[in-house]
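**Student:** Starting off with a structure, shown below.
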Amino acid sequence: MFRVCLAIILLLSAVSVEAQVSLTRGTNFSLDVAADGRIAFDLLGDIWIIPNGGGVAQAISGGPAAARRPRWSPAGDAIVFQARDDGQEQLWLYDTDKATAHKLTAGHTFDHHPSWHPDGDRIVYSSDRLDTGIDLWELDLATGLTWRISDLPGDESEPAWSADGEDLVYVHRLDDKWLLMLRRHAQPDRMLLSSTSRLSSPAWRPDGSLITYLRHGVDALVTEMVILSEPLLIRPLIENEDFFVAPIAWRDRQAMLYAANGLIRKRDFNSRTSRNLSFRVTVYPDKTPRPGPPQARDLPRANEPDRRLVVRAARLFDGVGIGYREGVDVVMDGGRIVAVEPHRDWPDAILVDMGDLTVVPGFIDGQSNLPTDVDVSLGPKLLTFGLTTIVADTDKAEALNAVWSGKDVPGPLVLGRDWHLDLATVSTMNLRADALPVSPLGIRYEDAHLADVAEAVAVLSGLADATTPGLEPLFRSRQTMLLNGQTNAMRRFSEAPLLAAQSSSIVLGSKANGLPPGVALHAEFRALAGAGLDEVHVLRTAGINAARALGLGLQVGRIAPGASADLVIVDGDPLNDIDDTLKVVGIVRNGRFFSVIGLIERAQKTGSVE
């Protein structure tokens with residue numbers, strides 16, 4: 001399994017840059033070569049161009065952030081690329097003569113893997129626009145008209161036309177199989193090969209004699225080729241390199257360029273060795289301030305009860321260790337935890353004995369889609385998901401907290417605009433399968449290290465999409481039904497990123513997945529687990545990791561003396577099955593216990609916040 005650490009957006013340690021930084025290596029970039037030898041590649045969210053033979057890179061102007069996968073037009077006068085815009089991947093076109101970029105596609109669709117038809121008038125790409133999986137589409141540049149050119153079960157992606165425009169190759173994923181498909185002019189589609197491991201990045205040799213592609217093995221990527229002879233011949237082409245998930249770029253039938261080992265590599269077809277083609281990318285203009293580390297802050301406190309509460313259950317995950325603690329009581333005084341002690345009598349406190357259930361820290365959503373017209377009646381509904389702290393772009397935090405911190409209409413603690421995580425815009429390595437802070441072999445090259453000027457300390461998740469496992473049961477849950485709104489996950493990734501099981505720098509932030517708060521948090525739990533993160537580290541994304549990123553230290557995300565009295569009681573074993581986090585039976589919020597049944601009743605009350 002490739003050790004790709006999470007899309008998405010880096011929080012960086014403090015630094016004030018006094019000089020420019022030059023990078024000569026990059027991580028998971030894609031490249032293409034124009035007819036005149038110029039090379040375009042993506043790095044740190046920009047598209048860069050270097051001259052034939054390498055050298056100093058110049059960024060294109062007018063494009064959006066998070067741009068990637070550039071492809072030169074046949075005439076070399078334009079570059080098509082994809083970029084994340086308003087949470088969705090869209091296609092853009094850069095005119096090299098006018099030095100301007102404009103969007104080619106729009107709407108809530110997932111458009112990606114653009115490539116040119118050799119006539120220069122059409123773009124072929126992958127899209128989910130008809131909600132039938134990912135299909136192949138073409139776009140006519142002159143008219144803007146689009147039409148679908150494939151409609152198979154599963155997903156069809158990464159299309160590429162042959163140099164004569166007669167034949168099309170693409171990748172077809174069907175269930176657990178990957179197929180490399182060939183469409184010859186006026187002939188039925190033909191399967192060139194089938195694999196149980198992922199196939200990606202097909203590219204034509206200019207003479208049409210063979211197709212190169214990547215095979216994703218357990219420990220590494222290998223560049224292979226299928227020779228279009230009769231019978232077909234499949235042969236390895238390049239091995240033992242840290243290949244990035246990107247097609248080979250052919251200069252001619254002999255010379256090829258590809259991205260690996262943090263470098264642009266060049267190789268002749270008949271050669272057994274590759275050479276480096278140097279580039280230099282200059283980033284961080286003089287005296288540009290960089291985001292600093294989170295400043296230590298105090299959690300807002302309001303409406304705390306004047307009584308002592310003790311919660312007892314069979315097992316407890318304190319948010320810090322790697323397993324359960326058994327036989328302990330959580331003692332709370334007001335809105336804070338004051339002790340975690342072995343079971344005993346508590347004559348001076350209210351004891352809530354939850355029997356054979358599990359206690360975990362309240363869940364924190366580090367970036368959420370709280371509605372702008374939020375009504376206070378939403379508070380109890382969000383608590384039924386175990387959501388006890390929410391960071392949102394709202395100016396109603398103070399008014400909401402005045403109500404939600406009490407007992408009548410409880411809800412999560414809201415941290416408003418001034419609590420937003422300080423996101424670094426210079427590095428837009430959003431979470432996606434082929435543009436992440438570590439390479440397929442788990443290496444962070446210069447752009448990921450940012451030339452040792454800044455160190456990545458946290459990454460917002462935002463991984464859930466329509467392919468996330470376990471969404472249907474989540475959407476049918478009683479908590480989701482309380483929201484009385486449409487719940488629909490969009491397709492946002494062609495392939496979900498894979499994570500190291502114990503990645504420790506991920507902060508759960510659900511805004512990017514577009515789902516309502518509460519539902520969105522549990523969709524992220526499922527997506528993170530589906531990507532390979534183990535259950536302990538999934539829970540930490542909404543616990544101690546989020547607390548650290550928010551500058552809250554020991555105040556939230558754990559069950560320990562001094563932490564906020566926010567607990568979730570579930571009927572299950574979330575350290576072995578993350579889906580059990582949805583089996584919420586009770587909540588302690590701000591030192592008060594609420595049963596889920598009681599919260600549902602409270603949710604019937606309505607109100608508004610001015």
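**Student:** Using unit Cβ charges (K, R positive; D, E negative) and no other charged atoms, how large, in debye to the nearest 20, is the dipole of segment 359-602 about its Cα centre?
**Tutor:** 520
**Student:** In whole Å and largest first, what semi-axes does the C-alpha gyration tensor of segment 63-278 yield when each eigenvalue is scaled by 5 and square-rooted?
**Tutor:** 26, 21, 17
**Student:** Further, regarding this structure: Taking the Cβ of each residue in Ser200, Ser595 as the centre, tally the other Cβ atoms inside 10 Å and list the residues starting with the fewest.
**Tutor:** So the ranking, lowest neighbour count to highest, is Ser595, Ser200.
**Student:** Return a single number: how many Lys pairs in the chain, at a sequence separation of 8 or more or on separate chains, have alpha-carbon atoms below 28 angstrom apart.
**Tutor:** Close lysine pairs under the 28 Å cut-off: 15.
**Student:** Taking amide H positions as placed 1.01 Å from N in the peptide plane, with prolines and chain starts having none, which residues 5 or more places from Gly586, or on another chain, fall under 5 Å of its amide H?
**Tutor:** HN-HN under 5 Å from Gly586: Ile569, Val596.
**Student:** I would also like to ask the following. Can you give the alpha-carbon Rg of segment 74-194 over 2.2 N^0.38 Å, where N counts its residues?
**Tutor:** 1.07
**Student:** Right, something else. Which number do you get for Rg(Cα) / (2.2 N^0.38 Å) in segment 359-602?
**Tutor:** Scaled against compact globular proteins, the figure is 0.97.
**Student:** Please state the Cα pair-distance histogram of the chain with 20 angstrom bins from zero: what percent is in each bin?
**Tutor:** All Cα pairs considered, the percentages come to 20, 48, 26, 6, 0.
**Student:** To continue, here is another question. According to the square roots a ≥ b ≥ c of the eigenvalues of the Cα gyration tensor, what is the shape class of segment 562-605, taking rounded for a/c under 1.5, prolate for a/b larger than b/c otherwise, and oblate for the remainder?
**Tutor:** Oblate.
**Student:** Pop out the ³J(HN,Hα) list for segment 368-375 in order, Karplus 6.51 cos²θ - 1.76 cosθ + 1.60 with θ = phi - 60°, rounded to Hz; leave Gly and Pro as x.
**Tutor:** In residue order, the calculated couplings are 10, 8, 5, x, 5, 9, 4, 9 Hz.
**Student:** Using only DSSP helix segments of four residues or longer, with each worth -39500 (n - 2.57), what per-residue ellipticity at 222 nm results for the chain after dividing by its residue count and rounding to 500?
**Tutor:** -2500 deg cm²/dmol
**Student:** Considering the dipole of the chain built from charges on the beta carbon (Lys and Arg +1, Asp and Glu -1) around the Cα centre, which of Leu575, Leu193, Phe525 is farthest to its positive end?
**Tutor:** Value computed over the given set: Leu575.
**Student:** Search the structure for amide H atoms under 5 Å from the amide H of Asp329, placed 1.01 Å from N in the peptide plane, and list their residues when 5 or more places away or on another chain.
**Tutor:** Long-range HN contacts for Asp329: Glu341, His343.
**Student:** Along the positive direction of the dipole of segment 105-203 (beta-carbon charges: Lys, Arg +1; Asp, Glu -1; about the Cα centre), which of Phe110, Val169, Leu179 reaches farthest?
**Tutor:** Result: Leu179, furthest along the dipole toward the positive end.
**Student:** Counting Lys and Arg as +1 and Asp and Glu as -1, each charge on the Cβ, what is the dipole of the chain about the Cα centre in debye, to the nearest 20?
**Tutor:** 660
**Student:** Then there's this: Calculate the tail of P(r) for segment 283-415: the fraction of all Cα-Cα distances greater than 17 Å, expressed in %.
**Tutor:** Distances greater than 17 Å cover 68 percent of the Cα pairs.
We did not get these values from a lab; they are worked out from the coordinates using the rules stated. Note that the structure is predicted; figures quoted are calculated from it, not measured. Because the Cβ atoms are built from the backbone with ideal geometry, glycine has one as well, and the counts that use them run over all protein chains shown.
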